[in-house]
Amino acid sequence: MTERPILLLGAAGQVGGEALPLLGGLGTVVGLTRADLDLADAASIRSSVRRLNPRWIVNAAAYTAVDKAESDSRAAFAINGDAPGILGEEAHRIGAPVIHFSTDYVFSGDGNRPWTESDQTAPVNVYGATKLAGEQALAASGAAHLIFRTSWLFGAHGKNFLLTILKLAREREEVKIVDDQHGAPTWARSLGQLVAQCIARVEKDAILMRLTPTEAMKTIGGIYHACSAGETTWFGFASELVRIEQLARPERPLARLIPVPSTAYPTAAPRPLNSRLNCKKLSRTLGFEMPSWQNSTAQAMSELLPG
Ligand SMILES: NC(=O)c1ccc[n+]([C@@H]2O[C@H](COP(=O)([O-])OP(=O)(O)OC[C@H]3O[C@@H](n4cnc5c(N)ncnc54)[C@H](OP(=O)(O)O)[C@@H]3O)[C@@H](O)[C@H]2O)c1
């Protein structure tokens, strides 16, 4: 009998790119990009899942252009809102659990307490509304699932704040950075590790308890907050990046960073001011401790910087 693969969607994205080699240690992985499967095409989702018959589906693909989503909500809802439900329905048919990602942007951003999984959702922008719709569609699909809400992703590839700030700091004399949004920058690799560890754990439990992975997921399925430990602002994160870059290359002049309020940096999509996520459920239930944002940043930077 041929082994059923793990199907990874969004294999060229930040999280997908980190998850791909890690999942390889757990068996055959089929990593698909947008060119292989367009999540806006419901029929293609169904036919791909039926053809590949995966034992797990990891959906790291999403419409992540937060500002563009404001004027392109149809596409954003199709990819972020509808596709997870269709994936879930197909996964349910074949008994494959689904791992999916969501965002702190499902919350209003009010207050300063870290959000828990049971807090009231109230997205302030279209992207957040599409991601919330996706959570609900997956939950309603009947598939066993884990949804990891994360925040402020960065990595060595793709479009992210770390790469943007390093570029601007090298090119400009002065860079203004928002200092009133609070959250935790999270390394895409941490999420790749989380996904691989969860699959390994569920499959091991399933073997030990003579269950299917779907049955072994019964007690742990649902939503989890999964971001780095600690908190900062975008200005705090940028300051740390520039500090590390300056230590690595003392001879290179870097821009002066200037803290500004969100009101000084208007964007098409409003951003929540409080993006803090309480990740206690993740460590308590799944036994996974997310590293601090400072450690993750230092490690990611050490891969990016020479020496
Ligand atoms: N980035 C963040 O700060 C952040 C924060 C919180 C939560 N999240 C969530 O975390 C997850 C991973 O985010 P990420 O930063 O790794 O995303 P990413 O780097 O933007 O990667 C997303 C991938 O999805 C693909 N994609 C977009 N539209 C698609 C479509 N119609 N069909 C198939 N693939 C499509 C993209 O392909 P193209 O490159 O060809 O468009 C890209 O490779 C997502 O669910 C995201 O919503 C992200």
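All of the numbers you see were taken from the coordinates with simple rules; none came from a lab. All values reported here derive from a predicted model rather than from experimental measurement. Cβ atoms come from the backbone with ideal geometry, glycine included; neighbour counts cover every protein chain shown.
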#### Entry: Computed Rg/Rh of the chain, alpha carbon atoms with Kirkwood Rh
0.97
### Task
Could you line up 198, 227 from fewest to most neighbouring Cβ atoms inside 10 Å?
198, 227
### Calculated FRET value between residue 161 and residue 211, using beta carbons and R₀ = 45 Å, to 0.05
0.65
### Message
Of the candidates 130, 285, 150, which one comes out as most mobile in a Gaussian network treatment of the chain with C-alpha springs shorter than 10 Å?
### Response
285
### Largest-first principal axis extents of the Cα set of the range 180-307 (Å)
60, 39, 23
### Query
Sequence-distant or interchain residues sharing an amide H contact under 5 Å with residue 175, placed H: which?
256, 257, 258
#### Entry: the range 43-180 - Rg over Rh from alpha carbon coordinates, Kirkwood radius
1.04
### Summary
Across 257, 20, 153, the residue with the highest GNM fluctuation in the chain (Cα network, 10 Å cutoff) is 257
### Query
Going by alpha carbons, how many degrees (0 to 90, nearest 10) lie between the helix axis of 83-94 and the longest principal axis of the chain?
30 degrees
### Query
Around residue 30, which amide H atoms from residues at least 5 apart in sequence, or from another chain, sit under 5 Å from its own amide H, with H modelled in the peptide plane?
6, 7, 8
#### Entry: At R0 = 41 Å, FRET efficiency that the Cβ-Cβ distance of residue 72 and residue 280 yields, to 0.05
0.70
### Query
With axes computed from alpha carbons, what is the tilt in degrees of helix 234-248 against the longest principal axis of the chain, rounded to the nearest 10 within 0 to 90?
80 degrees
#### Entry: Helix 126-140 vs. the chain, principal-axis angle (Cα, 0 to 90°, nearest 10)
20 degrees
### Summary
Sorted by chain and then number, the residues having a modelled amide H within less than 5 Å of the amide H of residue 149, at least 5 places away or on another chain, are 102, 224, 225, 226
### Task
Would you mind getting the Kirkwood hydrodynamic radius of the range 120-175 from its Cα pairs, rounded to one decimal in Å?
14.4 Å
### Task
Could you point to the residue in 91, 115, 60 farthest towards the positive end of the chain's charge dipole, with +1 and -1 charges on the Cβ of Lys/Arg and Asp/Glu respectively?
91
### Task
Kindly put 103, 28 in sequence by how many other C-beta atoms sit within 10 Å of each C-beta, fewest to most.
28, 103
### Task
May I ask for log10 I(q)/I(0) of the range 1-120 at q = 0.21 Å⁻¹, from a Debye sum over the Cα atoms as equal point scatterers with solvent left out?
-1.20
#### Entry: Cα→Cβ-extended label distance, 7 Å offset, between residue 30 and residue 46, nm
1.7 nm
### Message
Counting other C-beta atoms within 10 Å, and keeping those with at most 15, which DSSP coil GluC sites (Glu not before Pro) do you find in the range 94-199?
### Response
173
### Message
Rg over Rh of the range 1-71, using C-alpha atoms and the Kirkwood radius, what does it come to?
### Response
1.02
